[in-house]
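The values are calculated or read from the model by the stated rules, or taken from the named source; none is laboratory data. Worth saying up front: this structure is predicted, and the values here are computed from it rather than measured. Note that we place each Cβ from the backbone using ideal geometry, even for glycine, and neighbour counts take in every protein chain shown.
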Amino acid sequence: MKKYLPNEIKNIVLLGASGSGKTTLAEAMAFEGKVIDRRGSIEADSTLSDHTDIEHNYKRSIYPSQMFAEFNGYKLNIIDPPGSDDFCGGLFSAFKIADVGILVINAERVSRRAQRYRPVTPASTRSP
C-alpha cells in the first residue's frame, strides 16, 4: 500500500439502524477498493467487520470496526459502528474522528412500511 499525505486520507462513518446494511456496504467498499478478493456475508459469518463470536451468534455488529479502501487516489478509512441503540457509544466515538458520515437506509423496510399506510391526499382532491 502506498503512503498517503494527511489530505489524502478521509475517515468515513456509516450511520444507520440495526439491519440497515452498514456492514454490507462496508464490505462492498472494501471489495471495490481491491482490499479483499471476495465479498463476505453476514449469514456466512465471513465479513471483515463482524469477526467476534458474539457478532456471529447475533448476526449483527456489537463493536465498531474499521477497514479501509483506496479510491481515486484517496485512502478511505471506513468505520462500521453498531446500529443498535444499546451500543451507541461506538457511534459517538466514531463521530470524533470522522470527516463525513454516510446514512444507510434499508429501502426494502421503508417500502414495506409505506405499503401499510394509505397515502394522505389533500381535502380538495378527495371525492365526496
Discussion item. Just to verify a result, which residue in segment 19-42, among those that are assigned to a loop (DSSP other than H, G, I, E, B) and in contact (Cβ under 8 Å) with a residue 60 or more places away in the chain, is nearest to the chain's Cα centre (by Cα)?
Written reply: G21
Practice prompt. Test K3 against the stated conditions and say whether it is touching a strand residue (DSSP E or B) at 6+ places or on another chain (Cβ under 9 Å), part of a loop (DSSP other than H, G, I, E, B) and among the charged types (D, E, K, R).
Written response: no
Discussion item. Condition (residue is at pLDDT below 70 and not in a strand (DSSP E or B)) applied to segment 67-83: is it met by at least one residue?
Written reply: no
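Report, by residue number, each residue of segment 1-43 that is basic (K, R) and over 16 Å from M67 (Cβ atoms).
The initial filter retains those residues of segment 1-43 that are basic (K, R), namely 2-3, 10, 22, 34, 38-39.
Listed by number, the residues that qualify are K2, K3.
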